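Read-outs: derived from the displayed coordinates by stated rules, not from any lab. Keep in mind the model is a prediction, meaning the values are calculated, not measured. Don't worry about glycine lacking a Cβ; one is built from the backbone with ideal geometry, like all the others, and counts go over all protein chains shown.
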Amino acid sequence: MMTCLNLFWEFVKIGLFTFGGGYGAIPLIQDAVTANASWGITQEFFSYMLGVAESTPGPIMINTATYIGTVVGGIPGAFFATLGAATPSFVVILCIAKFLSGFMEKKSVRCVLDTIKPCVVGIILSTGIYFILSGLIPEIGTLLTDGFTAKLIPAWKTVLVFALVFLARLGWRLWKKKTISPILSIAIAAVIGIAVYGVK
């Protein structure tokens with residue numbers, strides 16, 4: 001039960017302080033995973049979780065919360081983690097809709113949101129760059145924590161998958177004269193990933 005309550009509280013904090021949508025929550029979720037070593041989720045496994053959460057229907061924050069909750073506490077953990085992630089935004093939006101008429105039109109609110117936007121962009125960008133580098137160069141995490149002791153050798157299979165997916169998207173654009181859909185991109189990446197890495 002304590003594990004479920006811990007999951008609930010961690011995701012309440014994440015939901016309460018997330019700006020910029022689900023992608024803005026990723027750094028906060030990553031911090032929660034790092035701070036709770038007892039959950040047993042490594043950075044590598046967390047990156048896999050994000051891939052699954054992004055590839056499945058639904059908001060990435062809710063999907064990630066459900067996935068982490070399931071891994072840490074089973075079905076009850078999934079319920080409490082998801083409830084924790086969804087509750088703050090639900091309560092805030094409910095209060096705004098009920099009690100604060102014209103909330104978004106207020107000059108003070110717009111000033112606050114305009115100030116937060118660049119910060120959110122920076123957070124999302126830094127997290128994206130970190131996961132790209134950690135995928136392409138597995139030892140980058142060791143470099144960031146232990147200094148310049150890691151061998152920065154790119155993972156050739158990851159580079160190959162990235163290159164093949166990029167070429168597939170480029171080829172589709174040249175052939176069909178339009179951008180490939182995200183769903184088809186995910187399917188192509190999955191097939192290429194299975195072909196390159198094999199089924200474990």
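Points to keep in mind about this one:
- Oblate is the label for region 93-133, because the ratio a/c of its alpha-carbon gyration tensor axes (a ≥ b ≥ c) is 1.5 or higher and a/b is not greater than b/c.
- Residue order, fewest to most surrounding Cβ atoms within 10 angstrom, among Lys117, Lys13: Lys117, Lys13
- Over region 2-146, the hull volume per residue, using the convex hull of the C-alpha atoms, is 122 Å³.
- Residues Leu160, Leu94, Leu28, sorted so that the one with the fewest Cβ neighbours within 10 Å comes first: Leu94, Leu160, Leu28
- Rounded to 10°, Cα long-axis angle of helix 156-176 versus longest principal axis of the chain: 80
- For region 2-70 versus region 167-200, the inter-centroid distance based on Cα atoms is 27 Å.
- Legend: ranking of residues Met61, Met1, Met49 from fewest to most surrounding C-beta atoms inside 10 Å; resulting order Met1, Met49, Met61.
- Applying the Karplus relation 6.51 cos²θ - 1.76 cosθ + 1.60 with θ = phi - 60° to region 56-63 yields 3J(HN,Hα) values of 9, x, x, x, 5, 5, 5, 4 Hz, where x marks Gly and Pro.
- For the chain, the relative contact order is 19 percent, taking Cα pairs closer than 8 Å that sit 6 or more residues apart in sequence and dividing their mean separation by the residue count.
- Radius of gyration and maximum dimension Dmax of region 156-197, Cα, Å: 10.3, 31
- R0 of 25 Å, Cβ-Cβ distance Phe45-Phe17: FRET efficiency to nearest 0.05: 0.55
- Taking a ≥ b ≥ c as the square roots of the eigenvalues of the Cα gyration tensor, region 59-121 is oblate, since a/c reaches 1.5 or more and a/b is not larger than b/c.
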